[in-house]
C-alpha cells in the first residue's frame, strides 16, 4: 500500500510519538503552535489517574440526592461522553442518568429541563476555552432555573470542566460551583475523549474509567508499532490511499450496539482533515442500505462487536472494487481503544493528505458570523419566496423557474452530480421521531442518486463537519432547515433569547456558505413540528 510505504519512508509513526511538529508543516509559525497540540498521545495514563480520583465522586453525589446529570458542551466537550453514555450507559445499569445538551434548540433545551427536578440535578458546564457561546448560554438558562428554588445554594449543583485559567474557571469561582476539573491545555477538543471531558461524565454514570484506561493503553502500545503491525497506521493508510484515488467519502457503518460511535469519529475526521480545499467527508450509514449502489468516491469502514453478525449482509452487498476495512471489537468497552486508534489514524491520514490536523479556521469564521448576525452587523440572505407558510431561500447559480419548496429542493438535488455530496443541515431538536422522515429521505436519495447524502443536526455540526463544508473541497450542496419558533428559555444578561441564538447560528452558517460560493437552499418552517419536517422529507424525494 502506498500509504504505508510513505508512512514508513518518512518515519511518520516515530515522529508522531516524538511530538515532532515538522511532520505536518514546514512553516515555523505553525510548528510552534502545533508543538503544544500533542498532549493526546499517551492519555491513558492520565485517564488511569482520573479513575482513582473520580471513584468516590459518583457515590458522594448519589448520597446527596443527585439522580440526573446535564452536560452542557459542544463538539469535543460533549461528543465523547454522549457516545459513552449511549453505548456503555445501558450496559452499566447504575449511576446517574446523563443528559447531553449540545444544542441551542429552545424546544430541545426546554424539553430536557422540564423533565428534571432542580434539587436532584447536577449540571456540568464543559468548555475548553471557557468562552464557547453555547454552553455558557445554556448555563445561564439552567442557573436561573436552579436559582429559583435554591437561591444561594444553587452553585453546589454546578461543576465545570475547562482548561486551567479559563474564563469558565473564573466564572465558576465567582458563582460558587462545587468543583472545577481541569483538562490538559495541550489537548485539542476533538482529541480529548480520554481527558476529564470524557472521564468525569463517564464516572458519574457508573462506567469503569480504570477499565477504559487499560483498554486505551493497550491500543496506544499497538499504535507505537512499525506501520505494518500498527492499527492506527493501517487505518491512516487506508484513508490516505482512498483520498489519493478520489475516494474522499469515508463511509462508516456501525452495528447497532456501537452505532453512536460514528458521531465522535465524524467530528474527528471532518474537522481535522477539511481545510485548504482538501479533506475526507465522513458519511454515517446504516446496515440496511444497499451498498452496491455506492459511487466510486466511497471507501468503507465497518465497526461491530465480536459475534455480532448484523453487518454480514451489508458487507456481502459491497462491490468488490469498493475499498473496505472491518474493525471488530471484543465488546462495547473497546471503544476506549477506538478513541486512540482513530486519533492516531486521523493525524497520520492528515499527514498523507497534506493538511495540518489540529486547527479549525472555518469554525472560527462561522462563530464570527453568528456574532455578527446577533449584533446586526450582517443580515441573512433574504427569502426568495413564500410557499404557504414556509419561507424559501434559493442561493444557486441556476435557480428553478418556479419558487416552491419542492422545486427548490429538486433543483438543489438535481445540481448535485456524482462525486459531490448533499448535506442536510437541520436546526431542529435532536428527537429521533421528529428526524425519522429526514433519515428515510437521506437513505432513498443516496441510493437512487448514487451520491453521498449526510444529515446533520445544528448547531452540533458547526463544531464537526461544518469545518469541512467550508474549508474542504467545494463539492458540497446544502439544504438548511430552520424554524421561526420563538418559544423557549431566555438567557439572563443577554440581549437575545435562546431561540434567537439558535436561528443566528443557522443564518451565520448560511451567510458563510454563500460567501464561499456554495449552493444553498433554505427552508424556514413555522415551527419544529412533525408535519413540516415530513413535508421537507417529501420535497427531498419528490423528484426521484
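The values are calculated or read from the model by the stated rules, or taken from the named source; none is laboratory data. Keep in mind it's a predicted model, so treat the numbers as computed, not measured. Reconstructed Cβ throughout: ideal geometry from the backbone, glycine too, with neighbour counts over all protein chains shown.
Points to keep in mind about this one:
- The conditions of being modelled with pLDDT of 95 or more and within 18 Å of the chain's Cα centre (by Cα) are met by residue 472.
- Residues in region 382-395 that are surrounded by 17 or more Cβ atoms within 10 Å (Cβ to Cβ) and either in contact with a helix residue (DSSP H, G or I) (Cβ under 7 Å, 6 or more places away or on another chain) or outside any strand (DSSP E or B) (or both): 6 in all.
- Among the candidates 102, 152, residue that is outside the structural domain of residue 496 (by TED's automatic domain parsing) and either over 30 Å from residue 331 (Cα atoms) or free of Cβ contacts under 8 Å to residues at least 24 places away in the same chain (or both): 152
- Boolean, residue 190 is touching a residue at least 60 places away in the same chain (Cβ under 8 Å) and not in a helix (DSSP H, G or I): no
- Residue among 112, 70, 83 that is at pLDDT 95 or above and crowded, with 24+ Cβ neighbours inside 10 Å: 83
- Output for region 350-364, where each listed residue is touching a helix residue (DSSP H, G or I) at 6+ places or on another chain (Cβ under 6 Å), over 14 Å from residue 268 (Cβ atoms) and at pLDDT below 95: 362
- Odd one out for residue 146 among (1) within 30 Å of residue 369 (Cβ to Cβ); (2) surrounded by 19 or more Cβ atoms within 10 Å (Cβ to Cβ); (3) modelled with pLDDT of 95 or more: (1)
- Residue within region 233-244 that is surrounded by fewer than 19 Cβ atoms within 10 Å (Cβ to Cβ) and either in contact with a helix residue (DSSP H, G or I) (Cβ under 8 Å, 6 or more places away or on another chain) or at pLDDT below 95 (or both) present: yes
- Screening residue 300 against (1) more than 25 Å from residue 215 (Cα to Cα); (2) touching a strand residue (DSSP E or B) at 6+ places or on another chain (Cβ under 8 Å); (3) buried (at least 21 other Cβ atoms within 10 Å of the Cβ) leaves a single unmet condition, (1).
- Per this entry, residue 122 is not counted among residues that are buried (at least 24 other Cβ atoms within 10 Å of the Cβ) and in contact with a helix residue (DSSP H, G or I) (Cβ under 8 Å, 6 or more places away or on another chain).
- Against the conditions (1) touching a strand residue (DSSP E or B) at 6+ places or on another chain (Cβ under 8 Å); (2) surrounded by 19 or more Cβ atoms within 10 Å (Cβ to Cβ); (3) assigned to a helix (DSSP H, G or I), residue 173 satisfies every one except (2).
- The condition (being in contact with a helix residue (DSSP H, G or I) (Cβ under 8 Å, 6 or more places away or on another chain), in the same structural domain as residue 462 (by TED's automatic domain parsing) and in a loop (DSSP other than H, G, I, E, B)) is satisfied by just one residue among 379, 410: 379.
Conditions (1) touching a strand residue (DSSP E or B) at 6+ places or on another chain (Cβ under 9 Å); (2) assigned by TED's automatic domain parsing to the domain that holds residue 422; (3) surrounded by 15 or more Cβ atoms within 10 Å (Cβ to Cβ), marked per residue:
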| site | (1), (2), (3) |
| --- | --- |
| 473 | yes, yes, yes |
| 480 | yes, yes, yes |
| 486 | no, yes, no |
| 495 | no, yes, no |
| 504 | no, yes, yes |
| 510 | yes, yes, yes |
| 518 | yes, yes, yes |
| 523 | yes, yes, yes |
| 530 | no, yes, no |
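- Selected residue (criterion: surrounded by the most Cβ atoms within 10 Å (Cβ to Cβ)) from residues of region 396-406 that are within 15 Å of residue 524 (Cα to Cα) and in contact with a helix residue (DSSP H, G or I) (Cβ under 9 Å, 6 or more places away or on another chain): 405
- Test: residue in region 353-362 that is touching a residue at least 12 places away in the same chain (Cβ under 8 Å), within 23 Å of residue 104 (Cβ to Cβ) and surrounded by 16 or more Cβ atoms within 10 Å (Cβ to Cβ): yes
Matching residues to (1) farther than 27 Å from residue 295 by Cβ; (2) assigned by TED's automatic domain parsing to the domain that holds residue 208; (3) touching a helix residue (DSSP H, G or I) at 6+ places or on another chain (Cβ under 6 Å); (4) buried (at least 19 other Cβ atoms within 10 Å of the Cβ):
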| residue | (1), (2), (3), (4) |
| --- | --- |
| 312 | no, no, no, no |
| 317 | no, no, yes, no |
| 320 | no, no, no, no |
| 323 | no, no, yes, no |
| 326 | no, no, no, no |
| 330 | yes, no, no, no |
| 340 | yes, no, yes, yes |
| 344 | yes, no, yes, yes |
| 348 | no, no, yes, yes |
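- Selected residue [more than 17 Å from the chain's Cα centre (by Cα), in contact (Cβ under 8 Å) with a residue 24 or more places away in the chain and more than 19 Å from residue 279 (Cα to Cα)] from 313, 320: 313
- If you filter region 160-179 down to residues that are touching a residue at least 40 places away in the same chain (Cβ under 8 Å) and either within 19 Å of residue 75 (Cα to Cα) or not assigned by TED's automatic domain parsing to the domain that holds residue 195 (or both), you find that the one that is farthest from the chain's Cα centre (by Cα) is 168.
- Meets criteria (modelled with pLDDT of 95 or more, under 24 Å from residue 83 (Cβ atoms), surrounded by fewer than 20 Cβ atoms within 10 Å (Cβ to Cβ) and touching a helix residue (DSSP H, G or I) at 6+ places or on another chain (Cβ under 7 Å)) for residue 257: yes
Let's see how each residue does on (1) touching a residue at least 12 places away in the same chain (Cβ under 8 Å); (2) not in a strand (DSSP E or B):
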{"residue": "243", "(1), (2)": "yes, yes"}
{"residue": "257", "(1), (2)": "yes, yes"}
{"residue": "266", "(1), (2)": "yes, yes"}
{"residue": "283", "(1), (2)": "yes, no"}
{"residue": "299", "(1), (2)": "yes, no"}
{"residue": "309", "(1), (2)": "no, yes"}
{"residue": "328", "(1), (2)": "yes, no"}
{"residue": "333", "(1), (2)": "yes, yes"}
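- Within the set 76, 65, the sole residue that is in a loop (DSSP other than H, G, I, E, B) and closer than 30 Å to residue 112 by Cα turns out to be 65.
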